[in-house]
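All remarks here apply to the structure that follows.
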Amino acid sequence: METKKLTGSKAVLEACIAEGVDTIFGYPGGAIMPIYDALYDYKEKLQHILVRHEQGGIHAGQGYARSSGKVGVVFATSGPGATNLVTGLADAMIDSTPLVCITGQVFAHLLGTDAFQETDVINITMPVTKWNYQITDATEIPGILAKAFYIARSGRPGPVLIDISKNAQFQEFDYEGYTKCNHVRSYRPSPIIRKEYIDEAVQLINNAKKPLVVFGQGVVLGKAEKEFKKFIEKSGMPAAWTILGLSALPTDHPQNVGMVGMHGNYGPNVLTNECDVLIAIGMRFDDRVTGRLDKYAKQAKIIHLDIDPSEIDKNVKADVGVWGDCKETLPLLTLGIEQKDRSEWLKVFADYAKQEYDQCIQPELYPTTPEMTMGEVIRIVNETTKGNAIVVTDVGQHQMVTCRYAKFNETRSNITSGGLGTMGFSLPAAIGAKFGALDRTVVAVIGDGGFQMTLQELGTIMQTGIDVKILILNNQFLGMVRQWQDMFMEKRYSFVDIQSPNYVMLAKSYGIEGAKVEDRADLVKAVETMLAHKGSYLLEVMVGKENNVFPMVPQGCSVSEIRLK
Amino acid sequence: MKDENEKQEYTITVYTENQVGLLNRIAIIFSRRKINVESLNTSPSEVPGIHRFTIVVEESRDVVLKVVRQIEKQVEVLKAYYNTNDEIVWQELALYKVLSEEITEKVKVERLLREYGARAVAIRKDFIVFETTGHREETNKLMKALEPYGLVEFVRSARVAIIKESAGFHEKLKDFEKREPGEEVTENEYLGKREAVFTM
């Protein structure tokens with residue numbers, strides 16, 4: 001085989017190119033300088049986005065991965081650079097986002113000496129990575145990076161971190177080219193699908209009178225949106241989503257009955273405890289979805305489709321566990337199930353939806369109060385984007401309201417921090433999402449609390465000129481915590497009263513246009529102006545200070561004890 | 001069969017690649033759930049290059065099953081099994097250091113060796129080291145017997161265990177190495193047999 005001399009640093013970049021990477025989010029520093037030096041010669045082939053903080057970098061990588069379906073790549077230096085990735089790694093781990101993070105490390109001979117900017121990043125990140133590995137010899141780079149990309153994207157995706165000591169980055173070695181990895185003997189990403197489980201599941205579905213589908217992000221990660229749609233359409237079943245399942249099925253699909261969980265819709269929550277078969281697809285029965293576990297769907301037979309066997313029986317015991325990639329298992333189910341008209345059962349959902357609309361939705365979307373509501377802002381965004389935008393939310397009340405009311409026509413349009421609930425996620429994730437889907441409008445919906453956690457990334461917007469619409473819903477409170485204090489802690493508002501700077505002026509200092517709306521009369525125009533604006537734009541909307549998000553399943557309650565007020 | 005939630009001793013056997021850091025990856029699965037590891041042994045296995053962990057915990061079957069699945073999910077873990085005590089043959093090794101003058105004057109060493117199946121592994125003018133192997137109760141007995149005579153040092157190894165039903169890992173590994181492994185390896189065992197999982 002023909003070989004050529006290459007440095008470890010160049011081998012890292014060659015690996016990125018071979019894996020189809022076009023964008024890298026990162027921040028340089030001492031221990032990763034050789035890689036950045038090599039990057040100087042690769043500017044034509046690899047676009048590097050200089051972020052303002054490594055946490056911003058990794059959230060951008062997550063946003064990129066979620067909007068594009070590709071692996072997000074993040075560079076950071078050793079020590080503080082690497083530790084700043086930890087929140088994003090934990091977020092990507094719990095939300096199954098494929099990432100390859102490359103961190104620089106001190107020279108191998110300095111490992112364990114408390115060298116400048118040395119941290120034991122491998123051990124720090126072990127619980128929050130799908131896989132991690134430290135390279136101290138450049139010859140390992142092609143093989144390990146191939147393995148890293150393969151592990152990150154295959155099976156149940158997740159973040160991988162590769163720590164490369166500085167000497168390995170400098171080291172020249174005989175490079176034999178790059179071979180993609182498609183097999184690791186101790187790793188089984190996709191199992192053999194067993195026909196008997198398919199048959200059992202089909203039989204349960206065919207005999208069901210009141211089946212309910214609950215789908216999660218597995219449908220998106222498996223790129224199985226079409227297969228999923230065929231499956232529910234043939235069987236006529238109502239389908240409800242978890243927060244990360246949102247946008248896998250268009251929101252206006254007649255069988256889409258809404259969200260399950262704490263701030264989900266009335267019907268799917270109550271009827272979880274009335275259905276006779278519950279078909280869970282690519283979801284993991286999070287406690288925010290199930291509420292009180294010993295009163296969750298006890299009457300129903302549970303069919304659980306998941307690619308990760310450790311999810312089956314973890315929280316809710318399955319009667320039939322269909323272990324496999326839903327891209328493959330769903331068509332097998334569709335083949336077996338009978339075409340059915342379940343309009344009567346769907347009507348039960350519609351009746352609940354009507355009650356919810358009258359009591360919760362209408363006052364939120366069309367308020368008669370002088371104060372604006374978050375819901376009406378989202379309604380106007382829907383009317384303007386026609387449901388075609390990518391909406392990236394932060395964490396808190398605005399997140400729940402947005403996920404409840406935003407309209408989506410296309411998959412990979414809802415990007416949010418679901419499992420970890422990372423405040424500060426939205427702005428950097430929106431930047432990454434735009435880089436991952438340049439042809440789409442990206443709207444970042446953020447609360448006044450979360451925005452102040454990562455607002456330094458306005459600098460990234462300024463420098464790259466990327467087009468992200470920033471919509472701050474300002475209720476002058478850390479709203480979700482305030483809501484709980486209101487409902488469960490006698491209104492003892494402990495440290496939730498948060499002040500904001502002048503966001504419009506702040507944006508302006510970064511060269512970003514913006515406006516603030518305090519009067520309903522200006523709202524529609526302002527949203528339209530934001531969305532029509534060429535380039536990034538910040539719109540701050542002052543909303544009611546003490547509005548609560550309803551419906552709500554209070555913690556410790558059963559999903560059927562959902563409260564409308 | 002015992003109740004799902006009743007705690008008992010389980011021996012978890014894990015076949016892995018020989019990789020730096022894997023011990024930690026496995027250990028944090030227990031510590032994250034606040035499970036105390038009673039005993040942990042790492043050693044080579046019957047297959048060259050493949051490592052074998054033997055971990056003993058006192059937990060309910062339900063918890064052990066979930067932990068084992070998390071272990072098996074780790075990239076470098078090939079396979080993990082869990083067994084109750086009646087499904088395995090196991091041993092632990094214990095060493096006892098006693099002062100020679102104490103022990104030779106007051107005890108009949110010969111009786112010790114016979115009664116407890118002990119061996120003397122070092123005999124010096126100043127001290128003697130005995131060794132026994134067996135289950136915990138057995139090694140404890142000699143410890144108790146020696147205590148009155150000033151047991152200077154005592155140490156016991158982790159449990160090592162052989163699974164009675166196991167046919168070894170040679171054949172399984174061959175299957176793992178294939179691009180398209182057979183059902184033997186990708187067997188949907190948790191989901192299928194339910195009650196009889198992790199028998200080989």
Filter region B:118-139 for residues that are loosely packed, with under 15 Cβ neighbours inside 10 Å and under 22 Å from B:VAL56 (Cβ atoms); the one that is modelled with the lowest pLDDT is B:GLU137
Listed by first then second residue, the pairs whose first member lies in region B:158-180 and is within 14 Å of chain A (Cβ to nearest Cβ), whose partner is in a strand (DSSP E or B) and of a type outside the set (D, E, K, R), with beta carbons under 7 Å and at least 6 positions apart or on separate chains, are B:PHE169/B:TYR15; B:PHE169/B:ILE50; B:LEU173/B:ILE50; B:PHE176/B:LEU78
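Working only within region A:208-236, note down all residues that are without any contact (Cβ under 8 Å) to a residue 24 or more places away in the chain and either surrounded by fewer than 21 Cβ atoms within 10 Å (Cβ to Cβ) or assigned to a loop (DSSP other than H, G, I, E, B) (or both). Walk me through it before giving the result.
Pass one, region A:208-236, residues without any contact (Cβ under 8 Å) to a residue 24 or more places away in the chain: A:226, A:232-233.
Residues satisfying the conditions are A:LYS226, A:GLU233.
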Picked from region A:522-565 (must be free of Cβ contacts under 8 Å to residues at least 60 places away in the same chain and part of a helix (DSSP H, G or I)), the residue surrounded by the most Cβ atoms within 10 Å (Cβ to Cβ) is A:ALA526
Filter region A:254-295 for residues that are of a type in the set (S, T, N, Q) and over 22 Å from A:PRO554 (Cβ atoms); the one that is surrounded by the most Cβ atoms within 10 Å (Cβ to Cβ) is A:ASN256
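Could you list, in sequence order, all residues of region A:263-284 that are over 18 Å from the mean Cα position of the chain (by Cα) and either in a loop (DSSP other than H, G, I, E, B) or over 10 Å from A:LEU212 (Cα atoms) (or both)?
Passing the criteria: A:ASN265, A:TYR266, A:GLY267, A:ASN269, A:VAL270, A:ASN273, A:GLU274, A:CYS275, A:ASP276.
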- Query: Would you call A:ALA82 crowded, with 23+ Cβ neighbours inside 10 Å, touching an Asp or Glu at 6+ places or on another chain (Cβ under 9 Å) and over 22 Å from A:TYR187 (Cβ atoms)?
  - Reply: yes
Of the listed residues (A:ALA31, A:ALA11, A:ALA38, A:ALA18), the one being in contact with a strand residue (DSSP E or B) (Cβ under 8 Å, 6 or more places away or on another chain), outside the structural domain of A:GLN463 (by TED's automatic domain parsing) and surrounded by fewer than 22 Cβ atoms within 10 Å (Cβ to Cβ) is A:ALA38
Q. Quick one: would you say A:GLN399 is in a helix (DSSP H, G or I), away from chain B (no Cβ under 14 Å), more than 23 Å from A:GLU528 (Cβ to Cβ) and touching a residue at least 12 places away in the same chain (Cβ under 8 Å)?
A. yes
Taking region A:105-132 and keeping residues more than 22 Å from B:PHE30 (Cβ to Cβ) and within 8 Å of another protein chain (Cβ to nearest Cβ) leaves none
Within region A:271-299, residues closer than 22 Å to A:ASP341 by Cα and among the β-branched types (Val, Ile, Thr) come out as A:THR272, A:VAL277, A:ILE279, A:ILE281
message: If I filter region A:410-430 for residues that are more than 25 Å from A:GLU546 (Cβ to Cβ), touching a residue at least 40 places away in the same chain (Cβ under 8 Å) and of a type in the set (Phe, Trp, Tyr), do I get at least one hit?
response: no
Considering region A:170-197, residues that are modelled with pLDDT under 95 and not in a loop (DSSP other than H, G, I, E, B), and then whichever is farthest from the other protein chains (Cβ to nearest Cβ), we arrive at A:LYS195
The residue from B:ARG33, B:ARG69, B:ARG52 that alone is farther than 25 Å from B:ASP175 by Cα and of a type in the set (D, E, K, R) is B:ARG33
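Can you tell me which of B:GLU72, B:GLU59 is under 21 Å from B:ILE163 (Cβ atoms), buried (at least 19 other Cβ atoms within 10 Å of the Cβ), within 22 Å of the chain's Cα centre (by Cα) and away from chain A (no Cβ under 14 Å)? I'd like the intermediate steps shown before the answer.
Working: B:GLU72 fails: away from chain A (no Cβ under 14 Å).
Result: B:GLU59 is the single residue among B:GLU72, B:GLU59 that is under 21 Å from B:ILE163 (Cβ atoms), buried (at least 19 other Cβ atoms within 10 Å of the Cβ), within 22 Å of the chain's Cα centre (by Cα) and away from chain A (no Cβ under 14 Å).
Can you tell me which residues in region B:28-52 are free of Cβ contacts under 8 Å to residues at least 12 places away in the same chain and either in a helix (DSSP H, G or I) or within 11 Å of chain A (Cβ to nearest Cβ) (or both)?
Hits for region B:28-52 are B:ILE28, B:SER31, B:ARG32.
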If you go through A:THR139, A:THR103, the only one that is in contact (Cβ under 8 Å) with a residue 60 or more places away in the chain and not in a loop (DSSP other than H, G, I, E, B) is A:THR103
In region A:318-345, anything out of contact with any helix residue (DSSP H, G or I) (no Cβ under 9 Å at 6 or more places or on another chain) and under 19 Å from B:LYS73 (Cα atoms) is listed as none
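The values are calculated or read from the model by the stated rules, or taken from the named source; none is laboratory data. Note that this is a predicted model, so its numbers are computed, not measured. No Cβ is skipped: glycine too gets one built from the backbone with ideal geometry, and neighbour counts run over all protein chains shown.
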